[in-house]
Structure formats: structure tokens, C-alpha cells
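Scroll down for the structure; my scribbles are underneath it.
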Amino acid sequence: VTREPNPDAPSAPRVPQVRVWLTPEGDRPVRKGHPWVYASNVARTSEQPAESGLAVVWHSDRRFAALGLWDARSPLPVRILVAGEQAVIDDAWVRSRLDAALAIRTSAFGDDTTGYRLVYGESDGLPGLVIDRYGATVVVKVYTVAWQHWLDAIVDWCAALPGVANVVFRCARNVAQHPGTLPADGDVVRGVLEPGTRVPFSEDGLVFQCDPCRGQKTGFFLDQRDNRRRVGALSRGARVLNVFAYSGGFSLHAARGGARSVVSLDLSRPALAEAEANFALNAGHPEVSACAHETVAGDAFELLPGYARSGEVFDVVVIDPPAFAKESAHVERALAAYQRLTRMGAVLVREGGWLVMASCSSRVGGEAFEAAVLRAVEQSGRAVLTSERTGHPVDHPVQFEGAAYLKCLFLRLGGRSDRRR
Ligand SMILES: C[S@@+](CC[C@H](N)C(=O)[O-])C[C@H]1O[C@@H](n2cnc3c(N)ncnc32)[C@H](O)[C@@H]1O
């Protein structure tokens, strides 16, 4: 039986500690290294537990299990930091995990990509913490109030990175409701950024800007970098339709790849204004300035059938919708929505062209997504000539099942006659 951490250790006392005993059902996932403990797997806690702090977790047989973040109000009250061994979870410990995460990124990105994820939560051993870098601006986003006890150390570490001028704090909705001593969502905690300021960064040599304080996620969808590059490589001379375009990430890669024309479609007018601004920033690329870029604001589900009715066809159709299934109860509904979009998109692809379908719903598995999309292509009467599934880029490593949310299918479509062969 391992000893409990010494609460009088020099660096530990300011963090409230909460003792947590697992149910027998809760033992197994922790023993297998899973980083989450659901509320239903907590048998009991010490009396009057703090709202947040360090969880000292015990198996149902009273053996020491793990140290984790404690968040009394969360459906995941414990997120495991260290399992099966003791550690002092102080600022130095957090910094060592941040350093390890940084090492992976610095060897992956050069000057042409200054927008990337520095820390991807559980997969970097820092559960519920995301840190994204946009050039001179770093965004720290927390998904649990428990990080308030180490936040100063995290922000100091970010601010000390070479070339960093600003650090912005973001938090998930559940955290904003019960902030504790945390800053407000969108607060600039180091440096100066006036409200609404866009910060520049590059991705594969293209320049983008985003609003780190108010933009979706932390300002940009960094996770699609590799898929955007790939769309760029398919776009020479192409007519491209980018559905759920946000600030035009896929659109710009297509344009730089030599697309003749690109349509960026999104429900959000502000996002499309960002897409136009991003095109303007890259006008120095001859391919971008030669590409006819059009933005269309509206609901994809309503607008796509209109393109089919007017007989439009595209060489590349990209469909990257928001997460449809945030709970497991919504998986079937999400799959049906992916199928509807696939059918609507497939009929717009010229013979031999590409349909690129993405899903960021973590509840929808890769196999289920692929099967649903392929079935929907078949229902639309088109043949699949080639099919390839891609996943996460290097700065979004997948270290446990729950981390693998992004799936993307690159499908080259044949005509109706190809199906009969
Ligand atoms: C996952 S993001 C797309 C990210 C984008 N492909 C990129 O690479 O940056 C989803 C986008 O869908 C938009 N959206 C949500 N519902 C929509 C709808 N019904 N029709 C069109 N766009 C929608 C959101 O505004 C958001 O920009």
C-alpha cells in the first residue's frame, strides 16, 4: 500500500486535497490507465470536500490508486494526473509536463507554421487543459475549474516562451458557470490585446488571423491542418465547394493549390468575413489572387439541395460540420445527419472528383462514421473509386480512446455507370 502524499510538503499545502474512494466498477478503468473517473464511479469522498483541488484516489480495496484533479461539480469529478505512484503535483511538476508537450511540437513545426496546439489535454498528461499558440499569442483553455490552483504557473510558462507577447484565458461553458478564482472567458491575462483584435499566424506558409478572445474554440480549427494541406494538393484547376467553411481554412489551401474558384459556405457571417480577410492577407500568392472566391451565408442543409437543383458540379466538395453528437444518446441522430450531408454533397461532385467528409464528434467512432458515409454515397447512386480515412495531426496526439475525435474521409467518386461494373 503506497503512502498518501504528505499534505505538509512545501509545495502542496495551498491546494485543497480531497480523498476519493472508487466503487468496484470504478477500479478497472483507473487500473487500465484511463484518465477519467465518472461521478457514478465515486463511492464516497472525504467529508465536506472542497469545490476543486487535488484528488487522492483510493481503490475500493483501499489501496492507493492515483492523484488527479478534483472538480466537485463536474460529471468527471476526477481527471487522473498520475496513476499508481506518488508525486508532488506542484508548479514544477506541471511545468515538466508542459516542457514535454513543447518538445514534441518544436521538432514538428518551423517558421511556416506558427499556429499549433501546444498542449492537448489528457494526451499530454494534462487533463482538461488545452493550450494553442497563434504566433505571438498563446491561448490557455481549461475544461475544469481545478486548474485554478496551478494557473499562474501555466500562464507564466506560456508568457516565457520565446516570441510570446500575449496570453489569453478561455474556458469551457461549465467552467464559466462556476469560475472559482479563474479569469473570465476571453480575458487577456498577459500582454495587451484590445477587444476584437485579430492575431496573425501562419499555417504551411499561408497567413491567417483569428480572434483568440471570442472566436470559436480558441479562435481557429488547428486540428484540420493536415487535411487542409491535402485538399490544397487536390485542387489544381478545380472548382471547390467548402461547406462549413468557418474562416476559410480549407478554402485558402485550395486557392493556393491552384483552384479556379472556391465557394465558402457557412451559417456565420462573422466567420465568412474572417474568410474574406484571410484571402486578402494572402493576396501576395499569385494562385490565391487568381482564384475567384465567393462567400455564401446560410444553413448548409437548406442551401446544398439548391446547388443540385441548378445542376452545379464541383471538382472538390469539403464538408466539415460542427460536432453533432456531444452525448452518446445523440450518436444515431449524428450519423443520420452525416448521411444526409453526404448524399447532398455526393451529387455535387463531378465524376472523378473528390468528396471530403469530416466528423469532429468524439462520440462517433471512425468505423461507424466511415460505414455511414459510404452507405450514403451508395444511396446517392455514386461509386466510390478510392477511399481513405485520416485522423489527427501530430500536435493533437491520441493517447486514449476519448481523445480520438477527428475523422476525415477522402473519397474519389465515379459516376453512376461505375457502380454497375
Ligand atoms: C468544425 S467548424 C468548421 C471548421 C473549418 N472547416 C476550418 O477548417 O476552419 C464548423 C462550422 O460550421 C458552421 N455551422 C454550424 N452549423 C451550420 C449550418 N447548419 N450550416 C452552415 N454552417 C454551419 C459553424 O459556424 C462553424 O464555422
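Coordinate-derived values only; no laboratory data. Since this is a predicted model, take the numbers as computed values, not measurements. Glycine gets a Cβ as well: all are built from the backbone with ideal geometry, and neighbour counts include every protein chain shown.
What to note about this one:
- Note on the chain: GNM, Cα springs under 10 Å; of 407, 217, 141, the largest mean-square fluctuation is that of 217.
- Taking the Cα centre of the chain as origin and assigning +1 to Lys and Arg Cβ atoms and -1 to Asp and Glu Cβ atoms, the resulting dipole is close to 1240 debye.
- Under the Debye formula (equal points on every Cα, no solvent term), log10 I(q)/I(0) of the chain at q = 0.14 Å⁻¹: -1.24
- Viscosity 0.692 mPa s, 37 °C: Kirkwood-radius Stokes-Einstein D of the stretch 105-147 over Cα pairs, µm²/s: 298 µm²/s
- The amide H of residue 54, built 1.01 Å from its N in the peptide plane, has 17, 18, 70 as neighbours under 5 Å, considering only residues 5 or more places off or on other chains.
- Summarising the strand pairing of the stretch 123-183, around 50 percent of its internal DSSP beta bridges are antiparallel.
- Candidates 185, 156, 395, ranked by Gaussian network fluctuation over the chain, Cα under 10 Å, top entry: 156
- Percent of beta bridges antiparallel (DSSP, the stretch 309-421, rounded to nearest 5): 70 percent
- Average projection, convex hull of the Cα set of the stretch 77-143: 5.2 square nanometres.
- Once divided by 2.2 N^0.38 Å, the Cα radius of gyration of the stretch 217-339 becomes 1.07.
- Reachable lysines from residue 217, criterion Cα separation under 28 angstrom, eight or more residues apart if same chain: 141, 326, 407
- Relative to its residue count, the stretch 349-393 spans a Cα convex hull of 86 Å³ per residue.
- Within the chain, percent of DSSP bridges classed antiparallel, to nearest 5: 60 percent
- Average projection, convex hull of the Cα set of the stretch 317-359: 2.8 square nanometres.
- Area projected by the alpha carbon convex hull of the stretch 314-421, averaged over all directions, nm²: 6.7 nm²
- Nearest-0.05 FRET efficiency for residue 32 and residue 367, computed from C-beta distance (R0 25 Å): 0.70
- Legend: calculated FRET efficiency, residue 340 to residue 176, from the Cβ-Cβ distance at R0 = 45 Å, rounded to 0.05, equals 0.90.
- Our Cα-only numbers for the stretch 28-175 put the radius of gyration and Dmax at 16.2, 53 Å.
- Short to long, the 10 Å bins of the Cα pair-distance histogram for the stretch 211-267 hold 27, 50, 21, 3 percent of all pairs.
- Working ranking of peptides 28-39, 63-74 by packing, defined as the average number of other Cβ atoms within 10 Å per residue, highest first, is 63-74, 28-39.
- Between the listed residues 67, 277, 344, the Cα displaced farthest toward the positive end of the dipole of the chain, a dipole computed from Cβ unit charges relative to the Cα centre, is found at 344.
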